[in-house]
Amino acid sequence: MSSAVLEKENAVALKKPKEIKLDIGTKTALIISVLLLLLMVVFPLLNILTRASEGTGLEVFSNVLKSAITRKIILNTIVLGVVVATLGTIIGFFLAYAQVKLNFRGKKLLHIIALVPLITPPFAFATAVISLFGRSGIITRDILGLTPTLYGLPGLTIVLSCSFFPVAYMSILGMMRNLDPALDEASASMGASKLRTFFKVTFPMLIPGFASSFLLLFVEASADLANPLVIGGDFTVLSSRAYIAINGEYDVPAGSAYSLILLVPGLIVFLVQRYWGQRKSVVSVTGKPTGTPTFIENKVAKFFLLFIPVFIASFIVLIYATVIFGSFAKFLGVDNSVTLDNYRYIFSGVGYDAIIKTSMMALIATPIAGLLGMVLAWLIVRKVRRGREFIDFLGMLGLAVPGTVLGIGFAITFNDVIKIGDTTVLPQLAGGGAIFGGAVAIVMVYTIRSSPAGQRSGIAALQQINPAIDEASASLGASGFRTFRKITLPLIRPALLTGLMFAFAHSMTTLSPIIFITTPETPIMTQKILAEVDSGRFGNAFAFCTLLIFIVLTVMALINLSVRGKSTNTANTPIVRA
């Protein structure tokens, strides 16, 4: 055969897409992951769809176009999600940029403060904001003589942005630390200013992180339930309307229908994120030597870049100082005398039981959620060609589905009865007795609600790693799963750390997904906190929150020590593919 013919055949072969053959370990990981997603998301969601297609649920769907009130609620939800996602991503970026590009005293302290909002129930944050800046706030009324109202969109924007921005911060921080400093050096050697280098070099490589952060914050903000109930006022969103329909009107079909409508904006943002974030595949970790990091030294630029991080950090310190002080006060703002009665209460009886059992269930769910998120990200980015979008969608459903809906779905699917307090909302199903109720169901909810954060951060991190690294491992005879365990996982350690931290903190502070499946045998701390707030016992609520902060900070420190290792920023020549 002539050389010309061989060259022609080789050229044809190169044009054909290379098939990816999955080894037995990778196939097993894929099957187990998909089955878990079907069990913990799809199956409960199908039951919710069934309930939403009944009676009043169909009426809600028919009123989407007819009712001005329903359209207003949907618009409120979208506006809240977009505003919080945009502001939270911007705050997260400024904090991450300050950590990587600026050299200043207190950098580690700023990092710790930026993580604190992850570890407190959002409605506790809202309560502290109202106590300080509301109509009867300590700062606004007692100090400034003002009586503003924070109820509605302004209050929700402040509370939700400050509660959720750490997710964007951790994701963007991990990406920025993996960027090769040699890129900045090359840009500077060609005469580009630092500002031009940022917009032409750094910013395009961070687009996947921005898009992932925006998506996660959007679905978190639009699906949040606790804050709209505490500080929403007359600014009604879909999550609060669904809760009112179920808890106030005892109309499960209507509540399910309202919640399912909430999936629409989440899906739209998901598609936009995929289009915008994947127009270019940016790779900055390749296995080659790295450059030397450089810091911004211009004093004016440093002041501007540090202003927002310092302001946000000061605000967070003020809020949580209020929470801690309030835990020792008899009644914050009315009787500020110091007392230990609040802590005596939470360490007695059911309060102590809630602390122990909530911590144990969160500790069980955390490694499961972290590993599931990383495995899904690895399968989506590296292994699966056909159906990768579907797997990504399934993984994100655990967070995109409103917590109230997921909780009701679990109650319908794995229990025989739904109760809100002492009121039976759904009739008992055949069979008698809870099937997966109590601790097992709660761990399942914790897992499926927490794993999407690791999945998104894992995908963003893997998009920066050159696939040639995996190919080199495969050429040496390593299986796909061994490559993931020995090479890929260490390279995406920052993303894994983000996933584990978020999983534990989110499990400890979540409420709406598990409020319908808790039993007297499985009391939950967040449920107890909300009960104390509803009863006006703010001191007890703040004491619960302070203890929760201590527990989560301790576990997060242990996770950081166990996961971190030598720097994986080992090389970085970017590869940009259209």
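The values are calculated or read from the model by the stated rules, or taken from the named source; none is laboratory data. From a predicted model like this one, the values you see are computed outputs, not experimental measurements. Note that we place each Cβ from the backbone using ideal geometry, even for glycine, and neighbour counts take in every protein chain shown.
Kindly indicate the residue of the range 348-359 that is in contact with a helix residue (DSSP H, G or I) (Cβ under 8 Å, 6 or more places away or on another chain) and of a type in the set (A, V, I, L, M, F, W, C) and also farthest from residue 531 (Cα to Cα) among those meeting that condition. I'd like the intermediate steps shown before the answer.
Going through the range 348-359, the residues in contact with a helix residue (DSSP H, G or I) (Cβ under 8 Å, 6 or more places away or on another chain) turn out to be 350-352, 354-355, 357-359.
After this cut, where a residue has to be of a type in the set (A, V, I, L, M, F, W, C) as well, the list is 350, 354-355.
On the way: 350: 13, 354: 13, 355: 15 Å.
Among those that are in contact with a helix residue (DSSP H, G or I) (Cβ under 8 Å, 6 or more places away or on another chain) and of a type in the set (A, V, I, L, M, F, W, C), it is 355.
Working carefully through the options 352, 345, find the one that is touching a residue at least 60 places away in the same chain (Cβ under 8 Å), in a helix (DSSP H, G or I) and surrounded by fewer than 21 Cβ atoms within 10 Å (Cβ to Cβ).
345
Just to check your reading of the model, which residue among 96, 168, 114 is over 16 Å from the mean Cα position of the chain (by Cα) and crowded, with 22+ Cβ neighbours inside 10 Å?
Values: 168 fails: over 16 Å from the mean Cα position of the chain (by Cα); 114 fails: over 16 Å from the mean Cα position of the chain (by Cα).
Unique residue meeting the criteria: 96.
Among the residues of the range 241-261 satisfying the criterion of being surrounded by fewer than 24 Cβ atoms within 10 Å (Cβ to Cβ) and small (Gly, Ala, Ser), which is farthest from residue 73 (Cα to Cα)?
The residue in question is 248.
Out of the residues in the range 139-180 that are over 30 Å from residue 107 (Cα atoms), assigned to a helix (DSSP H, G or I) and of a type in the set (A, V, I, L, M, F, W, C), which is modelled with the lowest pLDDT?
Within the range 139-180, the match that is modelled with the lowest pLDDT is 143.
Having 2 or more residues that are under 15 Å from residue 371 (Cβ atoms) and either touching a Pro at 6+ places or on another chain (Cβ under 7 Å) or modelled with pLDDT of 70 or more (or both) is the bar; report the helices (runs of 4 or more DSSP H) wholly within the range 432-507 that clear it.
Here the list reads 439-462.
Of 60, 79, 64, which residue is under 25 Å from the mean Cα position of the chain (by Cα) and of a type outside the set (Asp, Glu)?
Working: 60 fails: under 25 Å from the mean Cα position of the chain (by Cα); 64 fails: under 25 Å from the mean Cα position of the chain (by Cα).
Step by step, each of 60, 79, 64 is checked, and only 79 is under 25 Å from the mean Cα position of the chain (by Cα) and of a type outside the set (Asp, Glu).
For the range 54-116, give me every one of the helices (runs of 4 or more DSSP H) that falls completely inside it and has 2 or more residues that are farther than 16 Å from residue 312 by Cβ. Don't jump to the end; show me each part of the working.
Numbers: elements: 55-62, 68-101, 107-115.
Qualifying helices (runs of 4 or more DSSP H): 55-62, 68-101.
Whether any residue in the range 200-215 is modelled with pLDDT of 85 or more and within 23 Å of residue 536 (Cα to Cα) is what I want to check.
Checked against the condition, which is being modelled with pLDDT of 85 or more and within 23 Å of residue 536 (Cα to Cα), the range 200-215 yields no hits at all.
Being of a type in the set (A, V, I, L, M) and surrounded by fewer than 19 Cβ atoms within 10 Å (Cβ to Cβ) narrows it down to one residue among 372, 399, 363, 406; which is it? Working first, answer last.
On the way: 372 fails: surrounded by fewer than 19 Cβ atoms within 10 Å (Cβ to Cβ); 399 fails: surrounded by fewer than 19 Cβ atoms within 10 Å (Cβ to Cβ); 406 fails: surrounded by fewer than 19 Cβ atoms within 10 Å (Cβ to Cβ).
363 is the lone residue from the list that is of a type in the set (A, V, I, L, M) and surrounded by fewer than 19 Cβ atoms within 10 Å (Cβ to Cβ).
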